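The values are calculated or read from the model by the stated rules, or taken from the named source; none is laboratory data. Just so we're clear, the structure is a prediction, and the values are computed from it rather than from any experiment. FYI the Cβ positions are ideal-geometry reconstructions off the backbone, even for glycines, and counts take in every protein chain you see. When the accessible area is computed, the model is the full protein with side chains, heavy atoms only, and any ligands, DNA or RNA have been set aside. Shrake-Rupley method; radii C 1.70, N 1.55, O 1.52, S 1.80 Å.
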Amino acid sequence: NFVDALDELLDAPGHGVAIAEIIWNQDAQIEAIKARPPEWFLFNPATQVQNGPLRLKKNIWDLDGEIVPTHKFLVYTFRARYGNRRGRPLLRRCFWPSWFKRQDLKFWLKWLEKGNGTVAVKYGQGADEAEQQQALQAAEAIQSATAVAFKEGFEIIPELLKAARTGSTEAYNKLCDRLDDAIAKTILGQTLSSGTSQSGGGAYALGEVHEGVRLEKVAADARDLEAVINDQLLYWLFAFNDGPDVPRPKWSIDVEEPEDLNMRSQVDERLQKMGLPITAQYARKTYSIPEPDPADELLEPRRVPAAPEIAGAGGQGAGNFSEPTDAEKDLGKLEAGAKAKALTAYAGLVSAAVEEAAKEFKSGSRK
(Lines give C-alpha, C1' and ligand atoms only; values in the text may rest on other atoms or scores of the structure.)
Protein backbone atom coordinates (compact mmCIF):
# COMPACT_ATOMS: atom_id res chain seq x y z
CA ASN A 1 0.00 0.00 0.00
CA PHE A 2 2.95 2.32 -0.60
CA VAL A 3 1.06 4.51 -3.09
CA ASP A 4 -1.85 4.90 -0.65
CA ALA A 5 0.59 5.81 2.11
CA LEU A 6 2.15 8.51 -0.06
CA ASP A 7 -1.30 9.87 -0.89
CA GLU A 8 -2.21 10.10 2.80
CA LEU A 9 1.10 11.74 3.68
CA LEU A 10 0.25 14.45 1.15
CA ASP A 11 -2.47 15.65 3.54
CA ALA A 12 0.31 17.57 5.28
CA PRO A 13 0.09 20.68 3.05
CA GLY A 14 -3.60 21.04 3.88
CA HIS A 15 -3.43 20.19 7.59
CA GLY A 16 0.13 21.23 8.42
CA VAL A 17 1.32 17.79 9.49
CA ALA A 18 0.69 14.18 8.46
CA ILE A 19 1.64 11.16 10.55
CA ALA A 20 1.78 7.50 9.47
CA GLU A 21 2.56 4.43 11.56
CA ILE A 22 5.07 1.85 10.31
CA ILE A 23 4.09 -1.76 10.99
CA TRP A 24 7.33 -3.76 11.43
CA ASN A 25 7.60 -7.54 11.55
CA GLN A 26 10.08 -9.60 13.55
CA ASP A 27 12.59 -9.62 10.67
CA ALA A 28 12.82 -5.80 10.67
CA GLN A 29 10.86 -5.60 7.44
CA ILE A 30 7.95 -3.27 6.75
CA GLU A 31 4.56 -4.96 6.51
CA ALA A 32 2.38 -1.85 6.14
CA ILE A 33 2.23 1.91 6.53
CA LYS A 34 -0.99 3.24 8.04
CA ALA A 35 -1.95 6.90 8.37
CA ARG A 36 -3.03 8.15 11.79
CA PRO A 37 -5.06 11.28 12.72
CA PRO A 38 -2.74 14.16 13.64
CA GLU A 39 -4.98 15.16 16.54
CA TRP A 40 -3.86 12.01 18.38
CA PHE A 41 -0.35 13.42 18.74
CA LEU A 42 1.59 16.23 20.36
CA PHE A 43 5.18 17.43 19.97
CA ASN A 44 5.45 18.62 23.56
CA PRO A 45 2.93 19.11 26.35
CA ALA A 46 0.02 21.15 25.03
CA THR A 47 1.02 24.20 27.09
CA GLN A 48 4.49 24.31 25.48
CA VAL A 49 5.88 25.09 22.04
CA GLN A 50 5.30 22.16 19.66
CA ASN A 51 8.93 21.62 18.69
CA GLY A 52 9.86 18.46 20.59
CA PRO A 53 9.68 14.69 20.01
CA LEU A 54 6.48 13.01 18.93
CA ARG A 55 4.03 12.15 21.74
CA LEU A 56 0.92 9.96 21.60
CA LYS A 57 -2.13 11.14 23.54
CA LYS A 58 -3.84 8.51 25.70
CA ASN A 59 -7.23 10.19 25.34
CA ILE A 60 -8.73 13.45 24.09
CA TRP A 61 -8.21 15.12 27.48
CA ASP A 62 -4.53 14.17 27.71
CA LEU A 63 -2.46 17.36 27.50
CA ASP A 64 0.97 15.74 27.92
CA GLY A 65 1.07 12.56 25.84
CA GLU A 66 3.62 9.76 25.91
CA ILE A 67 6.86 9.84 23.90
CA VAL A 68 6.92 7.17 21.18
CA PRO A 69 9.97 5.50 19.55
CA THR A 70 11.46 7.58 16.76
CA HIS A 71 11.36 4.72 14.24
CA LYS A 72 7.66 3.98 14.74
CA PHE A 73 5.98 6.93 12.99
CA LEU A 74 6.65 8.91 9.83
CA VAL A 75 6.14 12.65 10.37
CA TYR A 76 5.70 15.02 7.44
CA THR A 77 5.63 18.65 8.59
CA PHE A 78 4.63 21.21 5.99
CA ARG A 79 6.54 24.53 6.13
CA ALA A 80 7.64 24.41 9.76
CA ARG A 81 8.38 27.86 11.17
CA TYR A 82 10.58 28.49 14.21
CA GLY A 83 10.69 24.75 14.91
CA ASN A 84 6.91 24.38 15.14
CA ARG A 85 6.32 20.81 13.96
CA ARG A 86 2.61 21.49 13.51
CA GLY A 87 3.51 23.31 10.32
CA ARG A 88 1.52 25.97 8.46
CA PRO A 89 -1.69 24.37 7.12
CA LEU A 90 -3.03 25.81 3.89
CA LEU A 91 -6.62 25.07 4.90
CA ARG A 92 -6.28 27.52 7.79
CA ARG A 93 -5.55 30.28 5.28
CA CYS A 94 -8.58 29.18 3.25
CA PHE A 95 -10.98 29.37 6.20
CA TRP A 96 -12.31 32.89 5.71
CA PRO A 97 -12.68 32.69 1.89
CA SER A 98 -14.45 29.36 2.35
CA TRP A 99 -16.74 30.74 5.08
CA PHE A 100 -17.66 33.82 3.02
CA LYS A 101 -18.32 31.62 0.01
CA ARG A 102 -20.73 29.42 1.98
CA GLN A 103 -22.58 32.50 3.19
CA ASP A 104 -22.65 33.90 -0.33
CA LEU A 105 -24.14 30.67 -1.67
CA LYS A 106 -26.71 30.60 1.14
CA PHE A 107 -28.00 34.10 0.39
CA TRP A 108 -27.82 33.43 -3.35
CA LEU A 109 -30.04 30.35 -3.03
CA LYS A 110 -32.41 32.27 -0.77
CA TRP A 111 -32.65 35.02 -3.39
CA LEU A 112 -33.39 32.47 -6.12
CA GLU A 113 -36.18 30.98 -4.02
CA LYS A 114 -37.71 34.00 -2.24
CA GLY A 115 -36.14 37.04 -3.80
CA ASN A 116 -33.91 39.66 -2.25
CA GLY A 117 -34.77 42.52 0.05
CA THR A 118 -35.96 43.29 3.57
CA VAL A 119 -39.42 42.28 4.80
CA ALA A 120 -41.14 44.95 6.94
CA VAL A 121 -44.20 44.05 9.08
CA LYS A 122 -46.23 46.66 11.00
CA TYR A 123 -47.70 46.09 14.44
CA GLY A 124 -50.08 48.17 16.54
CA GLN A 125 -49.09 51.34 18.34
CA GLY A 126 -49.70 49.85 21.77
CA ALA A 127 -48.24 46.42 21.06
CA ASP A 128 -46.22 44.88 23.84
CA GLU A 129 -42.84 43.22 23.52
CA ALA A 130 -44.35 39.79 22.83
CA GLU A 131 -46.37 41.11 19.88
CA GLN A 132 -43.32 42.91 18.54
CA GLN A 133 -41.38 39.66 18.71
CA GLN A 134 -44.21 37.87 16.87
CA ALA A 135 -44.11 40.50 14.12
CA LEU A 136 -40.35 40.05 13.75
CA GLN A 137 -40.75 36.25 13.56
CA ALA A 138 -43.45 36.66 10.93
CA ALA A 139 -41.17 38.87 8.84
CA GLU A 140 -38.35 36.30 9.08
CA ALA A 141 -40.76 33.54 8.10
CA ILE A 142 -41.89 35.49 5.02
CA GLN A 143 -38.24 35.80 4.00
CA SER A 144 -37.28 32.15 4.51
CA ALA A 145 -40.38 29.93 4.72
CA THR A 146 -42.93 28.97 2.08
CA ALA A 147 -45.95 29.05 4.46
CA VAL A 148 -46.55 31.84 7.01
CA ALA A 149 -49.34 32.50 9.56
CA PHE A 150 -49.63 35.65 11.72
CA LYS A 151 -52.29 37.76 13.47
CA GLU A 152 -54.68 39.99 11.64
CA GLY A 153 -53.20 43.10 13.14
CA PHE A 154 -49.90 42.72 11.32
CA GLU A 155 -49.40 44.58 8.03
CA ILE A 156 -46.70 44.06 5.40
CA ILE A 157 -45.12 46.96 3.50
CA PRO A 158 -45.04 45.53 -0.05
CA GLU A 159 -43.38 48.55 -1.69
CA LEU A 160 -40.09 48.01 0.13
CA LEU A 161 -40.01 44.31 -0.75
CA LYS A 162 -40.93 44.83 -4.42
CA ALA A 163 -38.28 47.50 -4.94
CA ALA A 164 -35.55 45.30 -3.49
CA ARG A 165 -36.53 42.19 -5.49
CA THR A 166 -35.87 43.89 -8.82
CA GLY A 167 -32.09 43.59 -8.26
CA SER A 168 -29.64 41.24 -10.00
CA THR A 169 -27.75 38.18 -8.77
CA GLU A 170 -24.55 39.20 -10.58
CA ALA A 171 -23.03 40.43 -7.31
CA TYR A 172 -23.32 36.94 -5.80
CA ASN A 173 -21.71 35.41 -8.89
CA LYS A 174 -18.77 37.83 -8.88
CA LEU A 175 -18.16 37.38 -5.16
CA CYS A 176 -18.21 33.58 -5.54
CA ASP A 177 -15.68 33.72 -8.41
CA ARG A 178 -13.38 36.03 -6.45
CA LEU A 179 -13.46 33.75 -3.42
CA ASP A 180 -12.75 30.73 -5.63
CA ASP A 181 -9.70 32.53 -7.02
CA ALA A 182 -8.52 33.35 -3.50
CA ILE A 183 -8.72 29.67 -2.52
CA ALA A 184 -7.01 28.55 -5.75
CA LYS A 185 -4.15 31.01 -5.21
CA THR A 186 -3.63 29.72 -1.69
CA ILE A 187 -3.50 26.06 -2.76
CA LEU A 188 -1.99 26.26 -6.27
CA GLY A 189 -0.35 29.69 -6.30
CA GLN A 190 -2.32 30.70 -9.43
CA THR A 191 -5.79 30.52 -10.98
CA LEU A 192 -5.68 29.75 -14.71
CA SER A 193 -5.02 26.00 -14.38
CA SER A 194 -7.99 25.53 -12.01
CA GLY A 195 -10.63 27.54 -13.89
CA THR A 196 -11.28 31.02 -15.20
CA SER A 197 -9.55 34.00 -13.69
CA GLN A 198 -11.31 37.04 -12.25
CA SER A 199 -11.34 38.67 -15.67
CA GLY A 200 -12.88 35.60 -17.30
CA GLY A 201 -9.81 34.23 -19.08
CA GLY A 202 -6.20 34.84 -19.90
CA ALA A 203 -3.68 34.87 -22.69
CA TYR A 204 -1.84 31.72 -23.71
CA ALA A 205 1.48 33.10 -22.45
CA LEU A 206 -0.08 34.00 -19.10
CA GLY A 207 -1.55 30.51 -18.90
CA GLU A 208 1.91 29.02 -19.41
CA VAL A 209 3.28 31.19 -16.59
CA HIS A 210 0.47 30.07 -14.26
CA GLU A 211 1.04 26.43 -15.23
CA GLY A 212 4.72 26.85 -14.41
CA VAL A 213 3.81 28.15 -10.93
CA ARG A 214 1.56 25.13 -10.36
CA LEU A 215 4.34 22.74 -11.40
CA GLU A 216 6.74 24.49 -9.01
CA LYS A 217 4.27 23.81 -6.18
CA VAL A 218 4.05 20.16 -7.24
CA ALA A 219 7.85 19.86 -7.37
CA ALA A 220 8.18 21.41 -3.89
CA ASP A 221 5.71 18.91 -2.41
CA ALA A 222 7.56 16.09 -4.18
CA ARG A 223 10.88 17.18 -2.63
CA ASP A 224 9.30 17.27 0.84
CA LEU A 225 7.90 13.78 0.32
CA GLU A 226 11.29 12.52 -0.86
CA ALA A 227 12.90 13.87 2.33
CA VAL A 228 10.35 12.04 4.52
CA ILE A 229 10.94 8.70 2.77
CA ASN A 230 14.74 8.98 2.50
CA ASP A 231 15.54 10.53 5.89
CA GLN A 232 13.09 8.46 7.93
CA LEU A 233 11.72 5.32 6.26
CA LEU A 234 14.75 4.19 4.26
CA TYR A 235 17.24 5.28 6.94
CA TRP A 236 15.52 3.15 9.60
CA LEU A 237 14.99 0.20 7.26
CA PHE A 238 18.64 -0.08 6.23
CA ALA A 239 19.97 0.82 9.67
CA PHE A 240 18.05 -2.10 11.22
CA ASN A 241 19.10 -4.58 8.53
CA ASP A 242 22.61 -3.48 7.45
CA GLY A 243 23.84 -1.04 10.08
CA PRO A 244 23.79 2.77 10.28
CA ASP A 245 26.96 3.28 8.21
CA VAL A 246 25.94 1.26 5.14
CA PRO A 247 25.16 3.40 2.07
CA ARG A 248 21.45 3.32 1.35
CA PRO A 249 19.56 3.98 -1.89
CA LYS A 250 17.86 7.26 -2.56
CA TRP A 251 14.20 7.33 -3.56
CA SER A 252 13.09 10.16 -5.85
CA ILE A 253 10.05 11.35 -7.78
CA ASP A 254 10.48 12.35 -11.41
CA VAL A 255 8.84 15.76 -11.75
CA GLU A 256 10.61 16.83 -14.94
CA GLU A 257 8.38 17.44 -17.94
CA PRO A 258 9.06 15.18 -20.95
CA GLU A 259 11.25 16.81 -23.58
CA ASP A 260 9.74 17.81 -26.91
CA LEU A 261 11.60 15.36 -29.16
CA ASN A 262 10.28 17.00 -32.31
CA MET A 263 11.90 20.29 -31.32
CA ARG A 264 15.06 18.46 -30.24
CA SER A 265 15.34 16.70 -33.62
CA GLN A 266 15.08 20.03 -35.45
CA VAL A 267 17.84 21.51 -33.26
CA ASP A 268 20.06 18.45 -33.82
CA GLU A 269 19.51 18.64 -37.59
CA ARG A 270 20.50 22.30 -37.68
CA LEU A 271 23.59 21.68 -35.56
CA GLN A 272 24.63 18.83 -37.85
CA LYS A 273 24.25 21.06 -40.90
CA MET A 274 26.47 23.62 -39.17
CA GLY A 275 29.20 20.98 -38.94
CA LEU A 276 28.75 19.68 -35.39
CA PRO A 277 29.28 15.90 -35.38
CA ILE A 278 26.48 13.91 -33.69
CA THR A 279 27.23 10.39 -32.53
CA ALA A 280 24.92 7.40 -32.90
CA GLN A 281 25.14 6.82 -29.14
CA TYR A 282 23.77 10.31 -28.48
CA ALA A 283 20.91 9.80 -30.94
CA ARG A 284 19.96 6.41 -29.48
CA LYS A 285 20.01 7.74 -25.92
CA THR A 286 18.13 10.96 -26.71
CA TYR A 287 15.39 9.35 -28.79
CA SER A 288 15.30 6.01 -26.90
CA ILE A 289 16.28 3.94 -29.94
CA PRO A 290 17.65 0.51 -28.89
CA GLU A 291 20.76 -1.02 -30.40
CA PRO A 292 19.68 -3.60 -33.04
CA ASP A 293 20.59 -7.25 -32.69
CA PRO A 294 22.30 -9.08 -35.58
CA ALA A 295 19.11 -11.09 -36.25
CA ASP A 296 16.84 -8.03 -36.32
CA GLU A 297 15.28 -6.92 -39.58
CA LEU A 298 16.30 -3.34 -40.27
CA LEU A 299 14.04 -0.81 -41.90
CA GLU A 300 15.45 0.68 -45.08
CA PRO A 301 15.06 4.42 -45.49
CA ARG A 302 12.61 5.40 -48.19
CA ARG A 303 14.36 7.22 -51.01
CA VAL A 304 12.17 9.71 -52.83
CA PRO A 305 13.39 9.97 -56.47
CA ALA A 306 14.39 13.44 -57.52
CA ALA A 307 12.17 15.12 -60.07
CA PRO A 308 13.69 14.96 -63.59
CA GLU A 309 15.18 18.13 -64.96
CA ILE A 310 12.75 19.13 -67.70
CA ALA A 311 14.11 21.88 -69.89
CA GLY A 312 11.34 24.29 -70.62
CA ALA A 313 11.13 27.47 -72.52
CA GLY A 314 13.90 29.84 -71.74
CA GLY A 315 15.97 27.08 -70.06
CA GLN A 316 13.68 26.77 -67.04
CA GLY A 317 14.22 23.63 -64.96
CA ALA A 318 11.68 21.47 -63.13
CA GLY A 319 12.07 23.45 -59.93
CA ASN A 320 10.95 26.69 -61.52
CA PHE A 321 7.15 26.92 -61.44
CA SER A 322 6.78 30.50 -62.55
CA GLU A 323 4.24 31.08 -65.33
CA PRO A 324 6.01 31.52 -68.74
CA THR A 325 5.44 34.72 -70.67
CA ASP A 326 3.95 34.90 -74.22
CA ALA A 327 7.40 35.39 -75.76
CA GLU A 328 8.66 32.30 -73.95
CA LYS A 329 5.67 30.30 -75.20
CA ASP A 330 6.34 31.37 -78.82
CA LEU A 331 10.02 30.48 -78.45
CA GLY A 332 9.04 27.06 -77.16
CA LYS A 333 6.81 26.46 -80.23
CA LEU A 334 9.65 27.43 -82.57
CA GLU A 335 12.05 25.06 -80.78
CA ALA A 336 9.54 22.22 -80.99
CA GLY A 337 8.96 22.86 -84.73
CA ALA A 338 12.70 22.96 -85.45
CA LYS A 339 13.22 19.70 -83.62
CA ALA A 340 10.38 18.10 -85.61
CA LYS A 341 11.86 19.27 -88.95
CA ALA A 342 15.33 18.06 -87.98
CA LEU A 343 13.93 14.67 -87.03
CA THR A 344 12.06 14.44 -90.36
CA ALA A 345 15.21 15.27 -92.35
CA TYR A 346 17.23 12.73 -90.35
CA ALA A 347 14.58 10.07 -90.99
CA GLY A 348 14.78 10.80 -94.79
CA LEU A 349 18.55 10.33 -94.80
CA VAL A 350 18.26 7.01 -92.96
CA SER A 351 15.58 5.79 -95.35
CA ALA A 352 17.72 6.70 -98.43
CA ALA A 353 20.73 4.93 -96.93
CA VAL A 354 18.66 1.79 -96.32
CA GLU A 355 17.34 1.77 -99.90
CA GLU A 356 20.85 2.22 -101.34
CA ALA A 357 22.19 -0.66 -99.23
CA ALA A 358 19.31 -2.90 -100.31
CA LYS A 359 20.03 -2.25 -104.02
CA GLU A 360 23.73 -3.04 -103.56
CA PHE A 361 22.84 -6.26 -101.70
CA LYS A 362 20.54 -7.42 -104.50
CA SER A 363 23.15 -6.71 -107.17
CA GLY A 364 25.69 -8.82 -105.30
CA SER A 365 28.21 -6.07 -104.89
CA ARG A 366 27.81 -6.17 -101.02
CA LYS A 367 27.46 -9.13 -98.70
Subject >> Solvent-accessible surface ranking, highest first, for Glu300, Glu216, Glu269, Glu131 at 1.4 angstrom >> reply: Glu300, Glu216, Glu269, Glu131
**OP:** Could you tally up the Lys pairs in segment 9-108 with alpha carbons closer than 21 Å? Skip any pair fewer than 8 positions apart unless they're on separate chains.
**Re:** 5
Subject >> Charge context of Pro290, other residues only, Cβ under 10 angstrom, K/R +1, D/E -1 >> reply: -2
Original post:
In segment 218-237, which residues have a backbone nitrogen under 16 Å from the label point lying 7 Å from Asp27's Cα in the Cα-to-Cβ direction?
Top reply: 237
Original post:
How much length is gained on full extension from Glu131 to Ile289, taking 0.36 nm per residue of separation minus their Cα-Cα distance?
Top reply: 48.1 nm
Original post:
Quick one: if you stick a label point 7 Å off each Cα along the C-beta vector at Asp254 and Ala46, how many nm between them?
Top reply: 4.8 nm
**OP:** Determine the sum of side-chain charges near Asp4: Lys and Arg each +1, Asp and Glu each -1, restricted to other residues whose C-beta is under 15 angstrom from that of Asp4.
**Re:** -3
Original post:
With a ≥ b ≥ c the root eigenvalues of the C-alpha gyration tensor of segment 3-101, is it rounded (a/c under 1.5), prolate (a/b larger than b/c) or oblate?
Top reply: oblate
Original post:
Sorted by packing (mean other beta-carbon atoms within 10 Å per residue), highest first, where do 56-69, 15-28, 243-256 land?
Top reply: 15-28, 56-69, 243-256
**OP:** Could you order Leu215, Leu233, Leu349, Leu91 by accessible surface area, starting with the largest, using a probe radius of 1.4 Å?
**Re:** Leu349, Leu91, Leu215, Leu233
Subject >> Which of Phe2, Phe100, Phe73 is most accessible, then next, and so on - probe 1.4 Å >> reply: Phe100, Phe2, Phe73
